[in-house]
Amino acid sequence: MLGVDDWAKRKGKSYGTILVDLERHRPIDLLPDRTSDALADWLRGHVGVEILSRDRGKDYAEGGRQGAPNEVQVADRWHLFKNLGDVLERVMTREHRRLRDAAAHIEETRPLDPPPEHELTRAEREKRDRRARRVERYETVQELKAKGLAISAIARATGLTWITAKKLASAPSVPERTVRRPGPVSVIPYDAYLRERWEAGNRNAEQLWRELREMGYQGSDQTVRRYIASWRWTDPPLPTGTSAFQPYSPRHVAWLFMQQRNTLSNEETTYLEHLRTDGQVAGLYDLVQTFCRMVRDRDVACLDDWLGAVSTSSFRDLCGFALHLKQDYEAVRAALSLPWSNGQTEGQITRLKLLKRQMYGRANLDL
């Protein structure tokens, strides 16, 4: 039972291949590259491989077919989710209007007065002005388009590049900036606690950082110090709810589509429900949920029905995803019927990275 995956010798430059015995939970060999020929040669010299667990790349699939044509290839289930998430993110990137409408719906349920001009920070004023310029530029392009001007003429009249002019002319609404979710070292999730402690009289950044560490915060004390620095000049600090609710990023919405409903927060559930009021989005959501349940439960009997339902739908991106699954049909079917996956192989790669980075980075392929 063999697990195969690539690992970076120099990230973005050169890669190797790790081979893992999934039954004994140990690596077998390392290959100096990640080509199909290298894997095929190794398999020809090591007869007896019955199961080959891999990601959904073409090189390892072709190498497995050439080197051991009788083995059963298993597509990694995590990569099935990853591929679907990438498709959904592309779809949602084109749905600026729907994402913004859902955010406006949540904002209506918790109305807050906008802050006075003098209470806006410099960064907030600059952000507002930049968006105003984007809106003005979009409206100008749309007006010229309505007059019948070609994209090249619009670009010359506005001073934009041809690609930017085409993007604005074809967009149904003003393209918004992607809003990133707070990372694992962001202080934003702890904002309410920090403000409560600040108003209680605790102004020591080092002490506040230690308290956050006990709550699971992984960032540095300097991050906390910078976050509360402006509060020393505004006593009490400005409330957090003065700005409008920001639309979720396309990646966040793709993640929401793939999650089980009982794991979402109330705000995420409300956002998702408003998106699903559109019939087309609701149909897409149902297909995605069916696929996720099928992979989680390893319901192989549902695979053909799901592929058939997608092929008759109007979702072009999802049809492309289904087409790639059909091209790798046997491996995908094996992923739903067999317990093997590449999770253990990924863990061995993590261990390999630790070894590679020891000795001041002097570890090489031989070691």
Subject >> Length released on extending from residue 26 to residue 135, taking residue separation times 0.36 nm less the Cα-Cα span >> reply: 33.6 nm
Original post:
Using alpha-carbon positions, what is the distance between the centroids of segment 1-54 and segment 278-340, in Å?
Top reply: 28 Å
**OP:** Give me the distance in nm between label points sitting 7 Å out from Cα along the Cα-to-Cβ direction at residue 300 and residue 226, one decimal.
**Re:** 5.2 nm
Subject >> Other-chain or far-sequence residues with amide H under 5 Å of residue 5's (modelled H) >> reply: 18
Subject >> Residue with peak Gaussian network fluctuation, the chain [Cα springs, cutoff 10 Å], from 161, 277, 345 >> reply: 161
**OP:** Could you look at the chain and say what percent of its accessible area is carbon and sulfur, using a 1.4 Å probe and all protein chains?
**Re:** 51 percent
Original post:
Based on DSSP H runs of at least 4 residues, each adding -39500 (n - 2.57), what is the mean residue ellipticity at 222 nm of the chain after dividing by all its residues, to the nearest 500 deg cm²/dmol?
Top reply: -17500 deg cm²/dmol
Original post:
Working out 0.36 nm times the residue gap between residue 128 and residue 157, then minus their Cα-Cα distance, what length gain in nm do you get to one decimal?
Top reply: 7.9 nm
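Scan the chain and report its longest stretch carrying no GluC sites (Glu not before Pro) that are both in a DSSP loop and have at most 14 other Cβ atoms within 10 Å.
Working: sites that count: 23, 50.
Counting only loop sites that pass the neighbour cut-off, the longest clear stretch is 51-367.
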**OP:** May I ask you to list the lysines whose Cα is less than 27 Å away from that of residue 9, ignoring any residue fewer than eight positions away on the same chain?
**Re:** 58, 82, 353, 356
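Does segment 241-367 classify as rounded, prolate or oblate by the C-alpha gyration tensor (a ≥ b ≥ c root eigenvalues; a/c under 1.5 gives rounded; else a/b over b/c gives prolate, otherwise oblate)?
Numbers: a/c = 2.57, a/b = 1.33, b/c = 1.92.
Oblate, because a/c is 1.5 or more while a/b does not exceed b/c.
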Original post:
With every protein chain in place, what's the accessible area of residue 134 (1.4 Å probe, Å², nearest 10)?
Top reply: 40 Å²
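Apply 1/(1 + (r/R0)^6) to the Cβ-Cβ distance of residue 11 and residue 359, taking R0 = 22 Å, and write down the FRET efficiency to the nearest 0.05. All intermediate terms of the calculation are to be shown ahead of the outcome.
Working: r = 18 Å, r/R0 = 0.84.
The computed FRET efficiency comes out at 0.75.
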**OP:** Calculate, for the chain, the solvent-accessible area per residue in square angstrom, rolling a 1.4 angstrom probe over the heavy atoms of the protein chains.
**Re:** 59 Å²
Original post:
Once volume of the Cα convex hull per residue in Å³ is worked out from the coordinates, which option in (i) 265; (ii) 220; (iii) 143 does it equal?
Top reply: (ii)
Original post:
Given labels modelled 7 Å from the Cα in the Cβ direction, how far is it in nm from residue 312 to residue 280?
Top reply: 2.1 nm
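Any idea what the dipole of the chain comes to, in debye rounded to 20, about its Cα centre with Lys/Arg Cβ at +1 and Asp/Glu Cβ at -1? Before the final figure, lay out each step's value.
On the way: 59 positive and 52 negative charges, 288 e Å.
In debye, rounded to 20, the chain gives about 1380.
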**OP:** Can you pull the one-decimal nm distance between simple spin-label points at residue 214 and residue 350, each 7 Å off the Cα toward Cβ?
**Re:** 2.9 nm
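Which loop-located trypsin sites (Lys or Arg not before Pro) does segment 196-231 contain, where loop means any DSSP state but H, G, I, E or B and the Cβ has at most 15 other Cβ atoms within 10 Å? If you can, show how the numbers build up before the last one.
On the way: sites: 197, 203, 210, 213, 225, 226; in loops: 203.
Hits after loop and neighbour filter: 203.
Of all DSSP beta bridges located in the chain, what percent are antiparallel, nearest 5? All intermediate terms of the calculation are to be shown ahead of the outcome.
Details: 13 of 19 bridges.
Bridges in the chain that DSSP calls antiparallel: roughly 70 percent.
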Subject >> Max mean-square fluctuation residue, GNM over the chain, Cα-Cα springs under 10 Å, options 312, 270, 35 >> reply: 312
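The values are calculated or read from the model by the stated rules, or taken from the named source; none is laboratory data. Everything numeric in this text was worked out from a predicted model, so none of it was measured. Please note: Cβ atoms are built from the backbone with ideal geometry, for glycine as well, and neighbour counts cover all protein chains shown. We work out accessible area using only protein heavy atoms, side chains counted, and drop any ligands, DNA or RNA first. Shrake-Rupley method; radii C 1.70, N 1.55, O 1.52, S 1.80 Å.
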